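Input: a single structure, listed below in structure tokens.
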Amino acid sequence: GLAPVRLKHGARSAQEARPARPLAPSALGVADLAASPPPDPAMKAAALRGTLLHGLFERLPAVRREDRRAAGLIWLDSQAACDPEELIDAALAVIDHPEFADIFGPMALAEAPLAGVVDGVVIAGIVDRLLIEDEAVTVIDFKTGRRVPKDAEAVPDYYKAQMGAYVAVLQGIFPGKVVRAALLYTHAPKLIALSAAELAAWRPKLSA
């Protein structure tokens with residue numbers, strides 16, 4: 001697994017000294033999209049659909065291409081999923097898309113745990129996909145909602161903060177590699193890469 005990143009402890013005043021608290025990217029001082037009124041039935045259905053799609057994205061890439069539909073339907077049946085054919089169609093449209101072959105290939109890790117300390121901020125989370133190559137590391141987060149931004153500028157700040165935190169941790173784990181981040185909006189499907197400058201701007205700080 002990925003080892004947590006630990007910063008070297010320098011001299012700190014008694015006032016500065018305080019235990020670091022784990023901080024998930026969902027609590028980086030940016031308005032949390034989950035902080036909303038209690039979900040109505042439509043929101044609950046959308047959340048369940050997203051959970052099931054994430055489950056398919058995690059499980060099906062390791063299955064032979066010709067067996068994925070049958071395997072996916074068996075798993076969806078075990079989850080008592082509604083509209084399993086629609087769900088499997090949506091998942092396979094992404095997994096089998098040639099543009100995303102590397103993301104779902106054997107070199108990519110699914111549901112990879114990530115933990116580290118960045119400028120005094122403890123970051124912990126699980127990334128949907130982590131592609132580790134000779135010269136670069138790419139972290140990908142799946143977004144299963146039906147709203148797809150037109151470009152990186154339109155991506156919500158909450159998601160940029162999340163990916164900026166992940167990239168900062170990965171830069172500590174892989175100091176000799178270029179670290180990239182992208183959001184895969186599965187409804188389109190569309191992969192939106194975030195620039196290095198934007199990710200650096202959202203690097204977590206203790207003041208956050």
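The values are calculated or read from the model by the stated rules, or taken from the named source; none is laboratory data. Please read these numbers as outputs of a predicted model, since none were measured by experiment. Using ideal geometry, Cβ is built from the backbone for each residue, glycine included, and neighbour counts are taken over all protein chains shown. Heads up: the accessible areas ignore ligands, DNA and RNA and are worked out on the full protein's heavy atoms, side chains in. Shrake-Rupley method; radii C 1.70, N 1.55, O 1.52, S 1.80 Å.
Ranking MET163, MET43 by solvent-accessible area of protein heavy atoms (1.4 Å probe, all protein chains present), from largest to smallest, gives MET43, MET163.
Here the spin labels are modelled as points 7 Å beyond Cα on the Cα-Cβ line, and at ASP119 and ALA201 they lie 1.4 nm apart. Considering only Cα atoms, the convex hull volume of region 85-208 works out to 108 Å³ per residue.
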